[in-house]
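**Q** So that we are looking at the same thing, I have put the structure below in structure tokens.
The values are calculated or read from the model by the stated rules, or taken from the named source; none is laboratory data. Just so you know, these numbers come straight off a predicted model, no measurement behind them. Don't worry about glycine lacking a Cβ; one is built from the backbone with ideal geometry, like all the others, and counts go over all protein chains shown.
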Amino acid sequence: MTGRTNPTRSIIIVGGGASGVVLAAHLLKSPNPDLRVTLIEKRPHFGQGIAYSTLLSAHVLNVSAAGMSAYADDPGNFWRWLLERGFATPEQAPVYAPRSLYALYLKELLDDLEAREREAGRLRLIREESLSITPTASGVEVALANGTSVVAHLAVLATGHDEQPAQGHAIRMGSEADTALDPDSRILVLGTGLSMVDAFLSLEQRGHRGDIIAVSRRGLLPSPHRKGNPIKLDVADIPLGTQLSYFVGWFRDLIRENQKAGVDWRDVVDGLRPFNQKIWQNWPASAKRRFVEHTKAWWDIHRHRMAPEVYARVTEAVQSGHVRPLAGRVVGVTPGDGFAVEVQSRHTQRLETFDVARIYDCSGIVRDISTSPNSVVRSLVGRGLARPDPLRIGLDVSANCEIIAADGTVSRKILAVGPLTRGTFFEIDAIPDIRVQCARLSKRLLG
């Protein structure tokens, strides 16, 4: 984003969850006294979003505390915060802190920023839902649900993850429909990933004793973290721009070679992490599509792992038969006194019927951005000011995070960070990646 004739002095961040707070923190590192940052969040509390609003202590971070600093140039910030407040001790590392503690960390970070910037007026917090963003001659106008609007030079969408609407007769864990259950009743969960693990932990906390049937296309559970040392790779070592089959073959060979030398596969996966976005951006469109459709499930269980203590609880539940992961698909649901759910096995095509009291949808985030429940996203796409990326997993954005309109025009006034940009950056769901993106964007906008 070069060649700006008018310096950016006012920025609206739409979305005050983790991505929004991290971006605000990086923007406010600028010494510019004329900078004005407005952070808008529809939830009662800033910094939480979906991921960090849980109060359950068993819902822990899926990244160790050493990697969860909000600041790209101070990676130990969160770890020091835990130590200073007595939430951890040095010998406990690696620590997978409760997500509620991370929400508290972000709250304190934002409280400190607000106090520091109060006299200068460089930070404004608005608790309200944003409905739309409209470009104006001099910038943007964000319309709010209370009938007012806010104007600035530019707006950045930081709305994070949007959950896919619950499918059919299923409900979301923690929703209004999630009323008390007979603790001995059998339930069925759609999904076997980290969202299912959260649901299992919530049910366990409630004292639920009944069997849990978890169904997904492949029936794969996330792997556990282990303390390790990522291998060192150079970009020249990586076959960029190849077809997916070649890349997967290369990566499997790399894992096998390192395992023969006594290296854990996790250290190979983690060694590749600094290059994940470059790998994605250099793949042809056909490779990206095949990855999402056929390889992503395998990648996710190895890349997005469980804390060791959570893995132990899940493994015990699976071994005891309390949790039963199934590879297959639901082909029929008959309501009655509960639900009769017909599941077809992926491997044998055999049909099996389960009588369950409830169906929970833990299938995760929105798979088609055009179906997003977010008002601003729907408005931008509906008016042609934004378009889905080619895979429809996020909004189409430039390498500089600028929203791309339906006609291909790159906006200089509306940008996006975080999970909304996964079509361009792919690995942009976790704080270690989001903070780097926010730091780069802040430097680009403000110098």
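**Q** When you scan the stretch 405-415, how many residues do you find that are surrounded by 21 or more Cβ atoms within 10 Å (Cβ to Cβ) and either β-branched (Val, Ile, Thr) or assigned to a loop (DSSP other than H, G, I, E, B) (or both)? It would help to see each step written out before you state the result.
**A** Residues of the stretch 405-415 surrounded by 21 or more Cβ atoms within 10 Å (Cβ to Cβ): 411, 414-415.
Pick out the ones that are also either β-branched (Val, Ile, Thr) or assigned to a loop (DSSP other than H, G, I, E, B) (or both) and you get 414.
Here the count works out to 1.
**Q** Let me ask something else about it. If a residue has to be farther than 19 Å from Ile212 by Cβ, touching a helix residue (DSSP H, G or I) at 6+ places or on another chain (Cβ under 9 Å) and charged (D, E, K, R) to count, how many in the stretch 303-352 make the cut?
**A** 2
**Q** Among the strands (runs of 3 or more DSSP E) lying completely within the stretch 315-386, list those that include at least 3 residues that are closer than 29 Å to Asp162 by Cβ.
**A** The qualifying strands (runs of 3 or more DSSP E) are 323-336, 338-345, 358-361.
**Q** Still on this structure, please answer the following. Quickly run through the stretch 104-136 and pick out the residues that are of a type in the set (A, V, I, L, M) and under 19 Å from Gly384 (Cβ atoms).
**A** Leu131, Ile133
**Q** Next up: Please specify each residue of the stretch 179-194 satisfying the condition of being within 25 Å of the chain's Cα centre (by Cα) and either farther than 14 Å from Ile359 by Cα or in a loop (DSSP other than H, G, I, E, B) (or both).
**A** Across the stretch 179-194, the qualifying residues are Gly191, Thr192, Gly193, Leu194.
**Q** Then there is this: Which of (1) in a strand (DSSP E or B); (2) surrounded by fewer than 18 Cβ atoms within 10 Å (Cβ to Cβ); (3) over 25 Å from the mean Cα position of the chain (by Cα); (4) not polar (S, T, N, Q) does Val150 not meet, given it meets every other one?
**A** So the condition that Val150 fails would be (2).
**Q** Which of the residues that make up the stretch 293-323 are over 23 Å from Asn62 (Cβ atoms) and either in contact with a strand residue (DSSP E or B) (Cβ under 8 Å, 6 or more places away or on another chain) or among the polar types (S, T, N, Q) (or both)?
**A** Result: Ser320, single match.
**Q** Let me ask another. Any idea which of Ile359, Ile365, Ile369 is modelled with pLDDT of 95 or more and on the phi < 0 side of the Ramachandran plot?
**A** Ile359
**Q** Among (1) in a loop (DSSP other than H, G, I, E, B); (2) surrounded by fewer than 20 Cβ atoms within 10 Å (Cβ to Cβ), there is one condition Glu108 misses while meeting the rest; what is its number?
**A** Only one criterion is unmet by Glu108, namely (1).
**Q** Is it the case that some residue within the stretch 207-225 is closer than 30 Å to Val376 by Cα and aliphatic (A, V, I, L, M)? Even if it seems obvious, please write down each step before you answer.
**A** Initial filter on the stretch 207-225 (closer than 30 Å to Val376 by Cα): none.
No, that holds for no residue.
**Q** Among the candidates Ala317, Ala307, single out the residue that is among the small types (Gly, Ala, Ser), surrounded by 14 or more Cβ atoms within 10 Å (Cβ to Cβ) and under 28 Å from Ile255 (Cα atoms).
**A** It is Ala307.
**Q** Do any residues in the stretch 363-388 that are within 13 Å of Pro419 (Cα to Cα) have Cβ atoms under 9 Å from those of residues that are surrounded by fewer than 20 Cβ atoms within 10 Å (Cβ to Cβ) and among the basic types (Lys, Arg), where the two are at least six apart or on different chains, and which pairs are they?
**A** Arg367/Arg392; Asp368/Arg392; Ile369/Arg392; Ser372/Arg378
**Q** Oh, and also: Looking only at the stretch 71-93, count every residue that is buried (at least 17 other Cβ atoms within 10 Å of the Cβ) and either among the acidic types (Asp, Glu) or in contact (Cβ under 8 Å) with a residue 60 or more places away in the chain (or both) and tell me the total.
**A** Number of matching residues: 2.
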